[in-house]
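Scroll down for the structure; my scribbles are underneath it.
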Amino acid sequence: MAGGDNRGSDYRGPVLDPAIAAVRLAVRRALVPWRGSGATVLVALSGGADSLALAAAAAHEAAAAGVEVVTATIDHGLQDGSAEVAGRAADAARSVGVRDARVLRVEVGDDDGPEAAARAARYRALTRAAREEGAAAVLLGHTLDDQAETVLLGLARGSGAGSLQGMSPHRVDDGGLAWIRPLLELRRGDTRAFCTASGLAPWTDPHNADPRFTRVRVRERVLPVLERELGPGIAEALARTAEQLREDTQAFADMIDEIIEDIVEPAEAGIAVSAAALAANPPALRHRIVRHVVASEFGASLTRAQTLEVARLATDWAGQGPIDLPGCRATRHGGLVVIAARGARDVPSRASA
């Protein structure tokens, strides 16, 4: 009809907010391994923008992916009103369609500092919750910004490429539980925009603005200076570096696995490495073997200085005493470098047989 209203011919329907589209796409890709399986996936939900966007996107994608989504919110009990904050996070999860939103209270010790202790307690609780739910995977809300901060913190510690590779987007623990970080290619601005566009009110953790915490200082002071002085794109560059180092580290790990089979044997409460065989390897492999043994046996990360001191037990043995390490101790015993839990006898099993 001439002169009529022809708006209908151009109508394409409501436009999905770009941030919502980006987060949903990231989650959709993460759920591909379980598509149509009816598996349960558990979202670690703090109530902050990152995890709230993740939970909402997972709930939206669940039906199409053929999975069940549940959430777990950890109440560390470290702040006044933490129970109320956790309860609101669980309510928010239910409001976006999560079928089961549980709150778990944990006790946080004081070993290795408050950040590390809280993280350890949180991961124990998430693992337990995933087992109870029969979950195949745990989804974590870390973003590209978190990855950049992790790389800088690893660089500051000087603990080698293992720290600089940052957080893995996907790993499977010894119990077969997958730990997935779908948002590692997205920025915090994306998750905040998701929440705004979705009408969600995320919680702002006051600890995230407390300069007593090293990560906060990196976030609020170090990264902005780097962006200002070196130009934009620093966070993305750090994340790319982490990805490249993960590839290199995997190649080294395959080599190390082959070497370790030949030079390592059990020790009381630990492991023993042939000093001669360790010394015969090039420094890059030698130091990675030391770090790998400590990380795999004791879950500890060594600094560069600690790694070199342990290696010297093999390469420059001059009667030096035991070396205290995080959660363990390294000692030269005859032709072996023994790395054992503190308090254990530093004697390999075959020597005590």
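In table form, for the structure just shown:
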{"quantity": "Residue that is modelled with the lowest pLDDT, among those in the range 211-223 that are out of contact with any Lys or Arg (no Cβ under 7 Å at 6 or more places or on another chain) and exposed (fewer than 12 other Cβ atoms within 10 Å of the Cβ)", "calculated": "Arg212"}
{"quantity": "Residue check, Thr73 β-branched (Val, Ile, Thr), in a helix (DSSP H, G or I) and surrounded by 17 or more Cβ atoms within 10 Å (Cβ to Cβ)", "calculated": "no"}
{"quantity": "Residues of the range 170-193 that turn out to be more than 17 Å from the chain's Cα centre (by Cα) and within 22 Å of Leu126 (Cβ to Cβ), as a count", "calculated": "1"}
{"quantity": "Lone qualifier among Ala318, Ala276, Ala305, Ala284 - being part of a helix (DSSP H, G or I) and farther than 26 Å from Leu164 by Cα", "calculated": "Ala276"}
{"quantity": "Test: residue in the range 41-52 that is surrounded by fewer than 19 Cβ atoms within 10 Å (Cβ to Cβ) and either in the same structural domain as Phe213 (by TED's automatic domain parsing) or not in a helix (DSSP H, G or I) (or both)", "calculated": "no"}
{"quantity": "Residue list for the range 224-233, restricted to those being surrounded by 14 or more Cβ atoms within 10 Å (Cβ to Cβ) and in a loop (DSSP other than H, G, I, E, B)", "calculated": "none"}
{"quantity": "Residues that are out of contact with any Asp or Glu (no Cβ under 8 Å at 6 or more places or on another chain), charged (D, E, K, R) and under 26 Å from Val222 (Cα atoms), drawn from the range 147-202", "calculated": "Glu149, Arg157, Arg181, Glu185, Asp190, Arg192"}
{"quantity": "Those residues of the range 101-160 which are surrounded by fewer than 16 Cβ atoms within 10 Å (Cβ to Cβ) and touching a Phe, Trp or Tyr at 6+ places or on another chain (Cβ under 8 Å), in sequence order", "calculated": "Glu115"}
{"quantity": "Test: Ala57 is assigned by TED's automatic domain parsing to the domain that holds Cys195 and either in contact with a helix residue (DSSP H, G or I) (Cβ under 7 Å, 6 or more places away or on another chain) or without any contact (Cβ under 8 Å) to a residue 24 or more places away in the chain (or both)", "calculated": "yes"}
{"quantity": "Filter result for the condition that a residue is under 22 Å from Phe194 (Cα atoms), in contact with a strand residue (DSSP E or B) (Cβ under 8 Å, 6 or more places away or on another chain), in contact (Cβ under 8 Å) with a residue 12 or more places away in the chain and of a type in the set (Lys, Arg), over Arg99, Arg94, Arg88", "calculated": "Arg99"}
{"quantity": "Criterion: out of contact with any strand residue (DSSP E or B) (no Cβ under 7 Å at 6 or more places or on another chain), touching a residue at least 24 places away in the same chain (Cβ under 8 Å), not hydroxyl-bearing (Ser, Thr, Tyr) and not assigned by TED's automatic domain parsing to the domain that holds Ser301 - qualifying residue of Leu155, Leu186", "calculated": "Leu186"}
{"quantity": "Some residue of the range 304-320 being modelled with pLDDT under 90 and under 21 Å from Ala284 (Cα atoms)", "calculated": "yes"}
{"quantity": "Residue check for Gly4: at pLDDT 95 or above and over 24 Å from the mean Cα position of the chain (by Cα)", "calculated": "no"}
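The values are calculated or read from the model by the stated rules, or taken from the named source; none is laboratory data. Predicted, not measured: the structure shown is a model, and the values here were computed from it. Every residue, glycine among them, receives a Cβ derived from its backbone with ideal geometry; neighbour counts consider all protein chains shown.
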